[in-house]
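Colleague: Structure provided below as structure tokens; questions to follow.
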Amino acid sequence: MTDTDLPAAVQRVLEHYLARAAGDLAEKYQPFGEAVAALRAFVLNGGKRLRPTFAWWGWRAAGGAADGPAAEGALHAAASLELIQACALIHDDLMDASAIRRGAPTVHVAFATKHRQQRWLGTAEGFGLAAAVLIGDLALVWADDMFAAADLPADALAAARPVWEAMRTEVLAGQYLDVHTQATGDASPEAALRVSELKTAAYTVARPLELGARLAGAADDLTTALRSFGTDIGVAFQLRDDLLGVFGNPEVTGKPAGDDLREGKRTLLVALGIERARDQDDEGAVEAITQAIGNPELTHDVLQRARRALVDVGAVEAVEHRIAELTERALNTLAAAGIGEPAATELTKLAHAATQRRR
């Protein structure tokens with residue numbers, strides 16, 4: 001029964017799909033085969049499978065079966081979300097110039113390294129950039145193909161298709177807003193929350209839940225409740241991610257310490273830190289935070305100063321409080337929706353896991 005070991009079931013479906021997605025092109029054209037292999041490794045060798053998990057429990061909350069042909073079709077559709085996630089992460093790492101993802105070189109760095117080792121023509125950085133863009137695009141194309149190929153009734157797929165289409169647009173809108181806020185230096189809490197709502201909440205929790213529910217034929221009142229629950233949990237998930245991006249242990253998160261600050265991320269944590277430091281006329285705290293933001297040579301000492309400032313001005317406490325508020329509101333929404341078991345319990349567990357995690 002898929003309920004009992006969902007990550008393993010998602011892994012199985014992804015392995016089966018990715019083994020065949022390229023057809024004979026990967027074997028016929030060896031360089032393309034290397035790109036396909038990199039995408040397969042990226043998708044199959046990491047990730048929490050959070051998006052397919054929320055989609056599955058959206059399906060179950062709406063009365064979808066736990067096993068049988070329909071369940072397998074729903075699982076296939078849910079697993080396709082991992083390919084959208086792969087696209088977003090590969091492109092995000094490129095835009096942020098991140099060197100490490102899940103404890104390994106990011107895709108653009110790996111292909112740039114290959115270029116240098118082979119002593120090919122042109123620049124290694126240019127080749128790495130082009131490879132990451134194309135591999136990310138391939139993941140997005142295959143996500144659409146995989147979703148469309150789910151063995152479900154045509155009317156079920158048609159009911160979920162608008163959710164799928166909205167989700168793809170929202171994640172790209174969120175990505176653009178993210179780079180825009182970094183470029184403009186918009187440090188307002190409002191800008192940070194807009195990015196969180198689109199880039200993370202929508203496609204991580206809210207839309208996957210709605211997608212699964214629509215595949216099962218859910219009524220509008222249920223999908224509205226699930227979307228509301230998912231939006232709050234999704235924003236709380238991102239806020240926890242923001243805290244980990246500054247205070248997380250690299251051995252646990254798989255990314256360098258303070259990576260969000262190094263990359264210039266204008267998170268709510270940073271926005272509140274600067275806002276509160278200015279309100280308190282604490283120029284030292286303002287300087288400590290701003291010196292760390294977008295600093296490619298971020299040292300341990302500079303990072304520690306920024307961390308202390310964020311704690312001292314109350315930004316960390318404020319973000320923790322916001323996470324708790326959002327989680328409580330989401331769980332109240334879930335309880336009021338009257339969802340049956342085991343979906344109600346599992347969604348409650350997921351809410352806590354997403355907002356209290358350490359990586």
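Colleague: Among the numbered criteria (1) modelled with pLDDT under 95; (2) farther than 22 Å from His180 by Cα, which one does Ile135 miss?
Modeller: Only one criterion is unmet by Ile135, namely (1).
Colleague: While we're on this one: So in the range 301-323, with the set limited to residues that are more than 27 Å from the chain's Cα centre (by Cα) and not in a loop (DSSP other than H, G, I, E, B), which one is surrounded by the fewest Cβ atoms within 10 Å (Cβ to Cβ)?
Modeller: For the range 301-323, the residue satisfying everything is Asp301.
Colleague: On to the next question. Please indicate, with yes or no, whether at least one residue in the range 264-273 is within 18 Å of Asp96 (Cα to Cα), of a type in the set (Val, Ile, Thr), in contact (Cβ under 8 Å) with a residue 12 or more places away in the chain and in contact with a helix residue (DSSP H, G or I) (Cβ under 6 Å, 6 or more places away or on another chain).
Modeller: Yes.
Colleague: Considering only residues of the range 225-258 that are outside any helix (DSSP H, G or I) and in contact with a helix residue (DSSP H, G or I) (Cβ under 9 Å, 6 or more places away or on another chain), which is farthest from Ala309 (Cα to Cα)? Write out each step before concluding.
Modeller: Let us first name the residues in the range 225-258 that are outside any helix (DSSP H, G or I), namely 248-249, 254-258.
If we keep only those that are in contact with a helix residue (DSSP H, G or I) (Cβ under 9 Å, 6 or more places away or on another chain) too, we end up with 248, 255-258.
Details: Gly248: 16, Lys255: 22, Pro256: 20, Ala257: 16, Gly258: 14 Å.
Here the residue is Lys255.
Colleague: OK, next. Sort out which residues of the range 332-354 are in a helix (DSSP H, G or I), over 22 Å from Asp5 (Cβ atoms) and without any contact (Cβ under 8 Å) to a residue 60 or more places away in the chain, and write them in order of number. Before the answer, list the steps.
Modeller: Step one: list which residues in the range 332-354 are in a helix (DSSP H, G or I), which gives 332-336, 343-354.
With the extra rule that they be over 22 Å from Asp5 (Cβ atoms), the set shrinks to 332-336.
Hits for the range 332-354 are Asn332, Ala335.
Colleague: Which of the residues spanning the range 197-232 are in contact with a Leu (Cβ under 7 Å, 6 or more places away or on another chain) and crowded, with 24+ Cβ neighbours inside 10 Å?
Modeller: Residues satisfying the conditions are Thr204, Pro208, Leu209, Glu210, Ala213, Leu215, Leu226, Phe229, Gly230, Asp232.
Colleague: When the range 107-139 is examined, which residues are found to be β-branched (Val, Ile, Thr) and either surrounded by 13 or more Cβ atoms within 10 Å (Cβ to Cβ) or at positive phi (or both)?
Modeller: Kept after step one, since they are β-branched (Val, Ile, Thr), are these residues of the range 107-139: 107, 109, 113, 123, 133, 135.
Residues satisfying the conditions are Val107, Val109, Thr113, Val133, Ile135.
Colleague: While we're looking at this one, here's another question. Given the criteria surrounded by 15 or more Cβ atoms within 10 Å (Cβ to Cβ), acidic (Asp, Glu) and under 18 Å from Tyr203 (Cα atoms), does Asp3 qualify? Please lay out each step first, then the result.
Modeller: Numbers: surrounded by 15 or more Cβ atoms within 10 Å (Cβ to Cβ): yes; acidic (Asp, Glu): yes; under 18 Å from Tyr203 (Cα atoms): no.
Criteria not met by Asp3.
The values are calculated or read from the model by the stated rules, or taken from the named source; none is laboratory data. Model, not experiment: these values are computed from the prediction. Methodologically, a virtual Cβ is constructed for each residue, glycine included, from the backbone with ideal geometry; neighbour enumeration extends over all protein chains shown.
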